[in-house]
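Participant: First, the structure itself, so that you have it in front of you.
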Amino acid sequence: MIKITDTISIHPDEIHETFVRSSGPGGQNVNKLSTAVELRFDVRGSRNLPDDVAIRLQKLSGRKLTKDGILVIEAQSHRTQDRNRADALARLVALIREASIAPKPR
């Protein structure tokens, strides 16, 4: 389980990763290696997210959310798959943590 907060954890099976080629300028290996990662997380279908957190996460995701409720995070700033995977996962965890904070009633 990937721990988000003290009360929220997600199962690694809920995260799907695809490796693609990075865009932009690069060295000799830019057209040969697939180091960029595309992380997909089904917000609506997740059994481990409370409903209020899922709703806030959908609002926070903006353009990263597909019509089907799948959150897509792309990471390509590093030269290795491992570092890009860690970057994408850290960004997902940060988004869910931000969504887990309930707004103060006014």
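The values are calculated or read from the model by the stated rules, or taken from the named source; none is laboratory data. Computed from a predicted structure; not experimentally measured. Counting neighbours? That spans all protein chains shown, and the Cβs are built from the backbone with ideal geometry, glycine included. Heavy atoms of the whole protein, side chains included, go into the accessibility calculation; ligands, DNA and RNA do not. Shrake-Rupley method; radii C 1.70, N 1.55, O 1.52, S 1.80 Å.
Participant: For the range 65-81, indicate whether the set of residues that are in contact with a Phe, Trp or Tyr (Cβ under 8 Å, 6 or more places away or on another chain), closer than 19 Å to Ile10 by Cβ and in a helix (DSSP H, G or I) is non-empty.
Facilitator: No, there is no match, as no residue in the range 65-81 is in contact with a Phe, Trp or Tyr (Cβ under 8 Å, 6 or more places away or on another chain), closer than 19 Å to Ile10 by Cβ and in a helix (DSSP H, G or I).
Here's the yes/no breakdown for (1) at pLDDT below 90; (2) not polar (S, T, N, Q):
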residue	(1), (2)
Asp13	yes, yes
Gln28	yes, no
Lys32	yes, yes
Thr35	yes, no
Asn48	yes, no
Leu71	no, yes
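Participant: Condition first: free of Cβ contacts under 8 Å to residues at least 40 places away in the same chain, open to solvent by 40 Å² or more (accessible area, probe 1.4 Å) and within 26 Å of Thr35 (Cβ to Cβ). Now tell me which residues in the range 66-86 satisfy that.
Facilitator: Scanning the range 66-86 gives Thr66, Ile70, Glu74, Ser77, Asp82, Arg83, Ala86.
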